[in-house]
There are 2 protein chains.
Amino acid sequence: MAVTMKDVAEHAGVSLPTVSRVINDTSYVNAETRAKVLAAIEELQYVPNQMAASLRSNNTKTLALLVPDIASSFWTTVLRGVEDEAMARGYHVFLGNTDDDPAKEARYIDGLVRRRIDGLLIAPTAKSVPLLRRLRQQGMGCVVVHRPVSGLEIDTVRSDAYASAVILTQHLLAAGCRRIAFIGGEIEQGRLRAYRETLAAAGQVLDPALVRIGPLSEQVGEQLVNTVLARNPPPDAIFIGNNRLATGALHALGRANAQRSEPIAIAAFYDSAALSVYAPPMIAAIQPAYEIGRYSTRRLFDRLANKPVDGHEIILSNRIMIVSGAHTPSLEPAAG
Amino acid sequence: MAVTMKDVAEHAGVSLPTVSRVINDTSYVNAETRAKVLAAIEELQYVPNQMAASLRSNNTKTLALLVPDIASSFWTTVLRGVEDEAMARGYHVFLGNTDDDPAKEARYIDGLVRRRIDGLLIAPTAKSVPLLRRLRQQGMGCVVVHRPVSGLEIDTVRSDAYASAVILTQHLLAAGCRRIAFIGGEIEQGRLRAYRETLAAAGQVLDPALVRIGPLSEQVGEQLVNTVLARNPPPDAIFIGNNRLATGALHALGRANAQRSEPIAIAAFYDSAALSVYAPPMIAAIQPAYEIGRYSTRRLFDRLANKPVDGHEIILSNRIMIVSGAHTPSLEPAAG
DNA sequence: GTGAAAGCGCTAACAT
DNA sequence: ATGTTAGCGCTTTCAC
């Protein structure tokens, strides 16, 4: 059917492995021989068959990134980081959406293992630990992206959500807020804990009705805000623990604040893509999505190359920003 | 090394092809035999090697999507559509960013051809026609996404940008605007033509200084708006021909309008993801990104299956929306 | 309905 | 520095 390495070898009057050596630069080849081979490749328009190479050599030069939903600007930016880093090394990347559904995740991973990907970057669901454990036993290179995993020593790249959440909460307290609501996703346990502990440390009692958890979508963000606003007395500040929720939540808050003399203060986990589109006055923790993507991929490559690395966790810092104008996010990180 | 089909066959006491038949459901197998095989697969934790299967069967159950930049919400949503459709049929998808750079695109495609992907979904650069022609000669299934291609009969899925641009321009004219600026990307020739022709049809003379073309980024969107606003006399309306530019452009316009008694009217190509984050009063053409992704993928599958299809172009309609409140996009499509 | 044999296109191990 | 040989794990073809 298509032209194969054998055809190239015959055309160039050399043996088949010599062609392989030229293509993969895997051992020295005479300049003359090399030229003949290159000419044959050019003339026959030969394109190597990676399937065959992979079957023999046991590596596919292929990675995969599994995220909850690529439609979220955070994950999009992570993907861009992964892609840039992988492409620079001649690797290609599969993308998969899990929708945080363990069944979908499992189905995806099965397909990826069949395809013998060299490594996996994954934002696991809450129930993925056994699956990750099995993958690792099978020798699959894995890096967990942006989510902590308990009960398993595995490479993880994430930002320090807890520390940022403390700063955000302290900022609201310092601004005089005394009824601070929290909305977030199931997965944001660290941020919720930071919020609770910071309030407790400041001697604040917490109204449990002001803490709302829900699935990660814009619509839910809006609903959760409306729910806590309906509480009597209403909150004087809202901590939004997730960037996906933030998109909807900020809308609802914008409308609510437009009708109040004293606006409700806002702290939010957000990302730079969303920031460039909409940024009301607030204090925000901006997550380094692109860097998370790049560092995850680098760590994966380091593992694949058996390079020595220290520790299992890479923790990047969020950028804390105080946004003052309606559409003019300050470009300077805030102090503290 | 790993457990192979041969191991499964021995364990189940059947021949190797029988295992293959069970796995791929490729011919009838006795219920008993089937059960034995399935048990062996389970017991040995066997995962088929898709490389080997692909090498033999000449298909990889793999697609690729090449976009200018996945960080744009439009392409993100297209990807989601592609992914959903592909996953439903057991296909996996490679993602690539070209940054509209022909060299990068070529490098990417080479890697994909080596990997023997079954089909390619691509938003080509302006210079990709020869490349596409060659790919098609090699028998690669190709669908062009969201961009018109001239001089080549190739499957294309896009929205009717020209028609929408006419409606947007007519709307601005009907609202009494007489100095309508246009900002867009190099690639948006159809939209620019619609704008020019509609103005001409209405007997309007066009100030060439009010037409600005630039590369697609938020920053450029902001710059282009500032450039046309600096013109004396200033425009009374701005037509934003691209959703990526729109993000930055709408910021600049928001600031400008805040300081004017008579606001500058806005018409824009936008997308639903961006809309849910920020939507000032304007008339917008909302592009059906998710559907473009799904239809492209379906068309590709139809071609791969040699199904008869009529025509090379699938043209979807944009949704025309009149946004009135600051953050409350009307959910009803506007008439006309 | 199932098995035996061949071979997809390449790389790895060895020989020279 | 290059050639010979073997075989990666599977599907296909052809028997029976």
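Nothing in this text is a laboratory measurement; each read-out follows from the coordinates by a stated rule. Being a predicted model, the structure only gives us computed values, none of them experimental. Methodologically, a virtual Cβ is constructed for each residue, glycine included, from the backbone with ideal geometry; neighbour enumeration extends over all protein chains shown.
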| note | Lys pairs in the protein assembly as shown with Cα under 16 Å (8 or more apart in sequence, or on separate chains) total 4
| task | Report, for A:L304, each distance to the same residue's label point in the other copies, shortest first and in nm; define the point 7 Å along Cα→Cβ. | result | 2.3
| request: Can you bin the protein assembly as shown into rounded, prolate or oblate? Criterion: square roots of the alpha carbon gyration tensor eigenvalues sorted a ≥ b ≥ c, rounded for a/c under 1.5, prolate for a/b above b/c, oblate for the rest. | output: oblate
| With a 10 Å Cβ neighbour count serving as the proxy for reagent exposure, in which order, fewest first, do B:L63, B:L192 appear? | B:L192, B:L63
| message | If you restrict to DSSP beta bridges whose two residues both lie in chain A, what percentage is antiparallel, to the nearest 5? | response | 10 percent
| field | Electrostatic dipole magnitude of region A:171-214 [Cβ: Lys, Arg +1; Asp, Glu -1; Cα centre; debye, to 20] | value | 100 debye
| query | Under a plain spin-label model, where a point goes 7 Å from the Cα along Cα-to-Cβ, how far apart in nm are A:A88 and A:R107? | reply | 3.6 nm
| query | What's the angle, to the nearest 10 degrees (0 to 90), between helix A:189-201's Cα axis and the longest principal axis of chain A? | reply | 30 degrees
| task | Could you pull the copy-to-copy label distances for B:N226, with points set 7 Å along Cα to Cβ, in nm to one decimal and sorted shortest first? | result | 3.9
| What ranking do B:D25, B:D155, A:D207 get, fewest neighbouring Cβ atoms within 10 angstrom at the top? | B:D25, A:D207, B:D155
| query | What ranking do B:229-239, A:212-222 get when scored by the average of other Cβ atoms within 10 Å per residue, highest first? | reply | A:212-222, B:229-239
| request: Set Lys and Arg Cβ to +1 and Asp and Glu Cβ to -1, take the dipole of the protein assembly as shown about its Cα centre, and tell me which of B:A305, A:L38, A:A86 lies farthest positive. | output: A:L38
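Any idea what the dipole of the protein assembly as shown comes to, in debye rounded to 20, about its Cα centre with Lys/Arg Cβ at +1 and Asp/Glu Cβ at -1?
Magnitude of the dipole: close to 540 debye.
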| said: Using the basic label-point model (7 angstrom from Cα toward the beta carbon), what is the A:A256 to A:K6 distance in nanometres? | reply: 7.2 nm
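Using only the Cα atoms of region B:172-268, build the gyration tensor, take square roots of its eigenvalues as a ≥ b ≥ c, and label the shape rounded, prolate or oblate: rounded if a/c is under 1.5, else prolate if a/b is larger than b/c, else oblate.
In terms of gyration-tensor shape, oblate.
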| query | What net charge do the residues around A:L206 carry, taking every other residue with its C-beta under 10 Å from that of A:L206, with Lys and Arg at +1 and Asp and Glu at -1? | reply | +1
| query | Relative to the longest principal axis of chain A, what angle (0 to 90°, nearest 10) does the C-alpha long axis of helix A:161-174 take? | reply | 20 degrees
| task | Normalising by the residue count of chain A, find the relative contact order in percent from Cα pairs under 8 Å and 6+ residues apart. | result | 17 percent
| Tell me, A:S20, A:S296 in order of fewest to most beta-carbon neighbours within 10 Å? | A:S20, A:S296
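Is region B:97-234 best put as rounded, prolate or oblate by its Cα gyration tensor, with a ≥ b ≥ c the root eigenvalues, rounded for a/c under 1.5, and otherwise prolate when a/b is larger than b/c, oblate when not?
Working: a/c = 3.51, a/b = 2.11, b/c = 1.66.
Prolate is the answer for region B:97-234, as a/c is 1.5 or above and a/b outweighs b/c.
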| request: Using only Cα atoms, tell me the angle between helix A:243-258 and the longest principal axis of chain A; keep it within 0 to 90° and round to the nearest 10. | output: 30 degrees
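Output the relative contact order of region B:5-48, whole-number percent, from Cα pairs under 8 angstrom with separation of 6+ residues.
42 percent
Could you give the dipole magnitude of chain B about its Cα centre, charging the beta-carbon of Lys and Arg +1 and that of Asp and Glu -1, in debye to the nearest 20?
560 debye
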| Using a 7 Å Cα-to-Cβ projection, B:A126 label spacings across copies, nm, ascending | 5.1
